[in-house]
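Everything on this sheet refers to the single structure shown next.
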Amino acid sequence: MFPLLIAMALAGCGGDLSTLDPAGPAARDVARLWWAMLAGSTVLFALVMALFTLVMLKPEAGCRWTPRSWIVGGGIVMPVPILAVLLIFAFAQGERHLPWRGEHNPVRIEARAHMWFWEFHYLDYPEAEPTIGVMHMPAWYEVDVIATSNNVIHGFWVPRLGGKVDAIPGHETVVRLFADDPGTFGGICVEYCGRGHASMTFRAEAHTPADFYAAIGVSGEGRK
Amino acid sequence: MKENPPSIALRLHRELTEAWSPKPGLGRLAAVNHSVIGLRFMVTAGVFFAIGGVLAMLIRAQLATAASPFMDEGLYAQVFTMHGTIMMFLFAIPLIEGFAIYLLPKLLGARDLAFPRLGAYGYWCYLFGGLMLLAALAAGVAPESGWFMYTPLSSGTHSPGINADVWLLGVTFVEISAVCAAVELIVSILKIRSPGMSLGRMPIFAWYMLVVGAMMLFAFPPLILGSILLELERAFDLPFFDPERGGDPLLWQHLFWLFGHPEVYIIFLPAAGVLSTLIPVFASQPLMGYRAVVVAIVSMAFLSFGLWVHHMYMVGISHLAMAFFSAASALVAVPTAIQIFAWLATLAHGRPRFTVPMLYVFGFFFVFVIGGLTGVMLAMMPFDKQAHDTHFVVAHFHYVLIGGFVFPMLAGLYYWLPHISGRFPVHHLSKPAFWLIFIGFNATFLVMHFTGLLGMPRRVHAYAADSGWEIYNLISSVGGFVMTIGFALVLIDIISQFRYGRGFRRNPWKATTLDWAMPTPPSLYNFASLPHIDCRADMMEPDRIGNELAAGRGYLGFVREGRMETLAVSMASGRLEQVVQLPNDTWLPLWTALATASFFIAMLAKLYWVLPFSVAAVVILFLLWTEKSARTSDAGPLPVGLGASAVPHTEAPNAPSWWAMLLTLAADGTLYASLLFGGLFLWTSAPGWPSAALPEISLALSVFAAAALVAAGALGVVAARHAGAAPRGMLMASATAYGLAMFFLMWMAFSGTPDRMGHALSAVCFVVLCYVAVHAALGAVFALYGAWRVHRGYVSAQRALDLRIGRLWHLYTAISGVLGLAFVRVLIALGSGGDAL
C-alpha cells in the first residue's frame, strides 16, 4: 500500500485547492512542516511496529530491557524531547505568519460571508465596488483578510496561500495572506453552514499592483 | 452427616438461583440485575452501531463520485449528522457503560453493582432517547447541523424545524443515562468490592473505569447545560448565543468542546483498560508498570480537560493562549505512550500467544499509533490552520476512534464471548473477518489524509469533478464496503459461536482474574460466596478459587431470608464495612424512565402545560424507589460468614447512596459552574455589552431569599444530626423556609428580568435564579419526605440515611443559592459597564 501512496503523492500533489502546492510563504512553511512531520511519524510508526513484532516473535530479545526501561524510555524519554522541539518550531512558525502590523502596511480586505456566497469589500479603497465570489488582491504584498458574518458561522480558506479562519457572527477574525506571484487560487467555505455549503466557493485573484487597481476599479495615481 | 463440597455447592446454587430468580415473561422488563442490564446495553449499542454504519455507507456511496445525484444536500446533512451523533452518543458510550456494568462486579468479586435500579433506569433512558433520534431519522426530520450543532446554524432562525430540538432533547435524555452510569460505576468501584481488595489490589480495568466515571461526571454537565441553554433559546427566545442580543456563538463552542474533548478520552480509556487486561493474559505475565499505568491514566483524565480549545484554533483567540492548548494537546501523547510501552514491556517479559484477540491487538497498535501521530500533527497550530475542517481530520479521528476503541473492544468481544455464551468458537470466520476489517479500514481512511491535504473540506455532498479528489474518494468508498463486509462476518461469527460453539472447562484463556472464577455462562448471582482478597486481583488462581467459592467457603455463602446481598468495603483499604441489600426486580425504573420521556416528548411537541406533571411524576416515582429500604427497627451488625459481621447499608454512615448523592452534586455543581462562567464569558467576549436595559433585582428580596435558603439549609443539617430525636418540626420548618425562598426567587426571576428575551445579561440572570429556585423546590421535597419518613418510624439515630442524604442537598442548595444571588448582582454590575455599581 505504501508504494502506491507515495506514487500517488508524487503524482497528484497539485491542485487548485491543494495545501501541498503552495503559492505563498505561509502555505509553503506549513507544507514543509507537514513533510517533516510525515517523515518523523513514519520513523516512529515503524519503530513501534518493529518493537511489537519483536516482542511477539522473539520476546527473549525484549526481555533484556527492564520494564522500567521500556516504560520510562518509550513513554517519557523518547516523546518529550521530540514534542518539545516540534512545539517550539511550530510556535515560532505560527508567530511569523500572524497578522501583525509591522513595517508593512497590509492591504485590508473584508470577507463577508452570506448564505451562500462571499462578498469582498476593499477597506483601504472605499471607492471600490464590492465584488462577489472573487477576491482581488495584489501579489507581492501582505493582505489581511478580515472575515465576518451576520448569519451563521462560515470558514474562509484559500489553501494555496495560507490558513483558514472562521467568520463568526458578532466577531471579526483576521488571516494574513501573501501571494508569491500573480495567479488565480481557489477558495472555499470550510465550516458547515447549511445547504449551500458545498457550493460556496470563490476565487482569489492575485494581480500586479497596476492590474489590481484596474480590477477593483480605482485609479492607480499616487498609490504605491 | 456432614455435607460434602459438591452437594454444598449444589444446594447453595439452588438457593441463590431461587433468590435471584427473575420475573418471567413480560416481567423481564423489570429486571435490574447487572448482567441482564449490561447485555441489554451492549446489544442495543451494537444495533446502533449497525445503523450508524449504514449511514456511513450512504456517505461513502454519495462521495464515491464527484457530483452524485444519490442524495441532495438536505438529506445528506441529516445522514452525516446522524452518523456522528449515533456513533458518539448511541454506540460508543453505551457500549462502554454496558460492558463495565456487565463485567465490573465479576472482576471485583461482587454480586451486583451499587445501584441496580439506577442502571436499569439508565438503560431505558438510553433506549428511549435513541428511539427519539431514530424516529426523527425515519420521519425525515433528523438533526442536520453536524454532530456538534454549532450555533447560530442550529438556532431557531437558521434551523426552524424540530430537527435541532430532536438532537438537544434526545441527546440530553441519553446523557442522563450516562451521568447515572458514571455515578453507579464510581460508587461501585470504590465501595462494592470483595473484602481485602484495597485500591492497590484492584484489577487495572477497575482503575480505568473509575477514572472514566469521574471524567463522565465532569464532562457531560457542560454539554447538558449548553443543550438546556440552546433549547431555552429555541423554545422561549432567551438569547444566549445570539450576537445581536448580547449572546455569543462561541459560548456554545466552549461548552460543547469542554465536553467533546474529554469525551474522546472517555471513549479511548476503557478500550485501553481492555488491552491492559487482555495483553497480560496472552503474555502469561501480569501487567508491568501497574502503578505507572494508574498514574498515566489519572494524568490523562486531568489533561483531557485542558485541551478543548484545540478544536477552536480558527476563532480568533490569541496566539499565546492557543500555544498553551497546543502544548497540552501534544503533552497528552506522553501518558498514552506510557501505556503503550507498558504493554510492550508486558509482552517482552512474557510468552506471547497468538490468538484472535491478539490479532485485534495488533490492529490496535497499527491503527491507533497512526492516529496518535496525526493527532500530534494536528496539535501543531500552523498545520491545523490548513488541515482543520478537511478530510485530514476525518481520517485522524477515525484512526484513533476505530483503532483506539473499536479494535480493542472487538478483542474484548472475542475474549469474553466464551464467558457470556459458555461456548468456544469452532468456525474459522474470525481471522478473515479481521483482515477484511483491517484492510478495508486502511483503504478507506489512509488515503483520506491525502484527500484532506488536497483541500477537500468536511461535510460536502458534492465536489468539483476537476478537483482531482474523485479517485481517492472512490478508493475510500470501496474500502468502506470491504470493511462493512468484515463487520458483517464478525456478526455472523458471534451468532455462530452462540449456536455451534463447543463447551469448555473453566478458564480457556488461562486468565488470572476473578471473572473466570465462576461457571460460564455466569449465574445471575455471579459468585456462590465472595472471596477474601490478599493479593493483586490480576494475579489470582481462578480455577482453585472458583471451586472454593462454589462450595460456599467465602463470605455470604448462604441466603438470608430470601434476600439478595453483597458486601461493601471501605474505599482505600478494602476492609469489610457493610452488607448491601440488593433490590428485587421492579417496574419502577421503567415507569420513571417513561415519566422522564414524557418530559422530553412534551418539550419536543411544545406541549408545555404537560411539563409540571412530568416533573411531579418523576419526583414521586424516584421517591417510591426508597420504599423497599424502609425499616422500622435497627438490625445491627449481621453475620456475613468467615466469622465476620457487618451492618446493613441502611444503617451505615458511608452507605453507597450517600456517595451517590455526593457525586450527583459534583455533576450538578459542574453544570452550575459552567453556567456562571458562561455568564462571565459573555461579558468578556460577546458583542453588545454593556447592556442598555438592565435587570432590576431588588436587594431586599435577594437578602430575604438568601436568608430563607440559609435557614432552610441549616434546619435540614441540624435535623440530620438529631435524627434519633424525630426532628419532624425542624424538617417542616425547613420546607417552609424553602417555600419562602422559592417565592422570592421566582418573583425576582420573572419580574426582575423584563428584558430577558432582549439581552443575554437578563437571560443569564433569569436562568441562575431559576436554577436556585429549582434546587430550593427539591430541598423542600427532601425536607418534607424526610419528615414523612420520620413520622412513619423509618428514621433512627442508626437509620439516618434519608436525612443525611438530604443534608448534602441542603448544604449544596444553601451555598449555591447564596452564590447565585451574589453572582447575579456582580454580573449586572459588570454588564452595566460600571453604572449599576
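Could you identify the single residue in A:Val85, A:Val80, A:Val72 that is more than 9 Å from chain B (Cβ to nearest Cβ), free of Cβ contacts under 8 Å to residues at least 12 places away in the same chain and part of a helix (DSSP H, G or I)?
Residue meeting the stated conditions: A:Val85.
Quick test for you: out of B:Ala666, B:Ala749, pick the one residue that is under 21 Å from B:Gly246 (Cβ atoms) and assigned to a helix (DSSP H, G or I).
Only one candidate passes the filter, namely B:Ala749.
Could you tell me whether segment B:79-91 includes any residue that is in contact with a helix residue (DSSP H, G or I) (Cβ under 8 Å, 6 or more places away or on another chain), polar (S, T, N, Q) and open to solvent by 10 Å² or more (accessible area, probe 1.4 Å)?
No: zero hits.
If B:Thr632 satisfies every condition in (1) open to solvent by less than 60 Å² (accessible area, probe 1.4 Å); (2) hydroxyl-bearing (Ser, Thr, Tyr); (3) in contact (Cβ under 8 Å) with a residue 24 or more places away in the chain but one, which is the exception?
Result: B:Thr632 passes all but (1).
Please verify whether B:Tyr150 is more than 26 Å from B:Trp516 (Cα to Cα) and touching a residue at least 40 places away in the same chain (Cβ under 8 Å), treating the condition exactly as stated.
The answer is yes for B:Tyr150.
Residues are listed down the side, and each one gets a yes or a no for (1) among the polar types (S, T, N, Q); (2) over 25 Å from the mean Cα position of the chain (by Cα); (3) open to solvent by less than 20 Å² (accessible area, probe 1.4 Å); (4) at the interface with chain A (Cβ under 10 Å from one of its Cβ atoms):
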position	(1), (2), (3), (4)
B:Val298	no, no, no, no
B:Ser304	yes, no, yes, no
B:Val315	no, yes, yes, yes
B:Gly371	no, no, yes, no
B:Gln386	yes, yes, yes, yes
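Checking B:Val376 against (1) touching a Phe, Trp or Tyr at 6+ places or on another chain (Cβ under 6 Å); (2) open to solvent by 10 Å² or more (accessible area, probe 1.4 Å); (3) within 8 Å of chain A (Cβ to nearest Cβ); (4) among the aliphatic types (A, V, I, L, M), only one condition comes out false. Which one?
The single condition B:Val376 does not satisfy is (1).
Show the residue pairs that are 6+ apart or on different chains and have beta-carbon atoms under 6 Å apart, the first residue being within segment B:562-579 and of a type in the set (Gly, Ala, Ser), the second being surrounded by 17 or more Cβ atoms within 10 Å (Cβ to Cβ) and assigned to a strand (DSSP E or B).
B:Ala568/B:Glu577; B:Ala568/B:Gln578; B:Ala568/B:Val580; B:Ser570/B:Glu577
Kindly check whether there is at least one residue in segment A:160-171 that is in a strand (DSSP E or B) and open to solvent by 10 Å² or more (accessible area, probe 1.4 Å).
No, segment A:160-171 has no match at all.
So that you can scan it fast, the table gives a plain yes or no per residue for (1) touching a Gly at 6+ places or on another chain (Cβ under 7 Å); (2) under 30 Å from B:Gly554 (Cβ atoms); (3) open to solvent by 10 Å² or more (accessible area, probe 1.4 Å):
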residue: B:Glu470; (1), (2), (3): no, no, yes
residue: B:Met483; (1), (2), (3): yes, no, yes
residue: B:Gln497; (1), (2), (3): no, no, no
residue: B:Lys510; (1), (2), (3): no, yes, yes
residue: B:Leu514; (1), (2), (3): yes, yes, no
residue: B:Thr520; (1), (2), (3): yes, yes, yes
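So how many residues does segment B:756-779 have that are in contact with a Gly (Cβ under 7 Å, 6 or more places away or on another chain) and surrounded by fewer than 23 Cβ atoms within 10 Å (Cβ to Cβ)?
So the answer is 1.
Of the residues in segment B:100-113, how many are outside any helix (DSSP H, G or I) and within 16 Å of the chain's Cα centre (by Cα)?
Looking only at that region, the number is 1.
Could you check segment A:172-199 and list, in sequence order, the residues that are more than 10 Å from chain B (Cβ to nearest Cβ), farther than 28 Å from B:Ala67 by Cβ and assigned to a strand (DSSP E or B)?
Of everything in segment A:172-199, those that are more than 10 Å from chain B (Cβ to nearest Cβ), farther than 28 Å from B:Ala67 by Cβ and assigned to a strand (DSSP E or B) turn out to be A:Arg176, A:Leu177.
Scan segment B:65-82 and tell me whether some residue there is under 22 Å from the mean Cα position of the chain (by Cα), hydroxyl-bearing (Ser, Thr, Tyr) and in a helix (DSSP H, G or I).
Among the residues of segment B:65-82, at least one is under 22 Å from the mean Cα position of the chain (by Cα), hydroxyl-bearing (Ser, Thr, Tyr) and in a helix (DSSP H, G or I), which makes the answer yes.
Scan segment A:90-109 for residues that are touching a helix residue (DSSP H, G or I) at 6+ places or on another chain (Cβ under 8 Å) and either within 8 Å of another protein chain (Cβ to nearest Cβ) or among the aliphatic types (A, V, I, L, M) (or both) and report the count.
Summing the residues that are touching a helix residue (DSSP H, G or I) at 6+ places or on another chain (Cβ under 8 Å) and either within 8 Å of another protein chain (Cβ to nearest Cβ) or among the aliphatic types (A, V, I, L, M) (or both) in segment A:90-109 gives 7.
State yes or no: is B:Phe268 closer than 24 Å to B:Gly84 by Cα and either part of a helix (DSSP H, G or I) or not charged (D, E, K, R) (or both)?
Criteria met by B:Phe268.
Any idea which of B:Val54, B:Val47, B:Val32 is within 28 Å of B:Thr596 (Cα to Cα), more than 14 Å from chain A (Cβ to nearest Cβ) and open to solvent by 10 Å² or more (accessible area, probe 1.4 Å)?
Result of the check over B:Val54, B:Val47, B:Val32: B:Val47.
Output the number of the condition that A:Gly133 fails; it satisfies all remaining conditions of (1) in contact with a helix residue (DSSP H, G or I) (Cβ under 9 Å, 6 or more places away or on another chain); (2) within 30 Å of B:His461 (Cβ to Cβ); (3) more than 13 Å from chain B (Cβ to nearest Cβ).
(1)
Run down B:Gly833, B:Gly817 and say which single residue is open to solvent by 40 Å² or more (accessible area, probe 1.4 Å), touching a residue at least 60 places away in the same chain (Cβ under 8 Å) and closer than 23 Å to B:Thr753 by Cβ.
Testing whether each residue is open to solvent by 40 Å² or more (accessible area, probe 1.4 Å), touching a residue at least 60 places away in the same chain (Cβ under 8 Å) and closer than 23 Å to B:Thr753 by Cβ leaves just B:Gly833.
Within the bounds of segment A:35-47, is there any residue that is free of Cβ contacts under 8 Å to residues at least 60 places away in the same chain and outside any helix (DSSP H, G or I)?
No, segment A:35-47 has no match at all.
The values are calculated or read from the model by the stated rules, or taken from the named source; none is laboratory data. Here the structure is a predicted model, which means the values were calculated and not measured. Cβ: placed from backbone, ideal geometry, glycine included. Neighbour counts: every protein chain shown. For accessibility, only protein heavy atoms count, side chains too; no ligands or nucleic acids. Shrake-Rupley method; radii C 1.70, N 1.55, O 1.52, S 1.80 Å.
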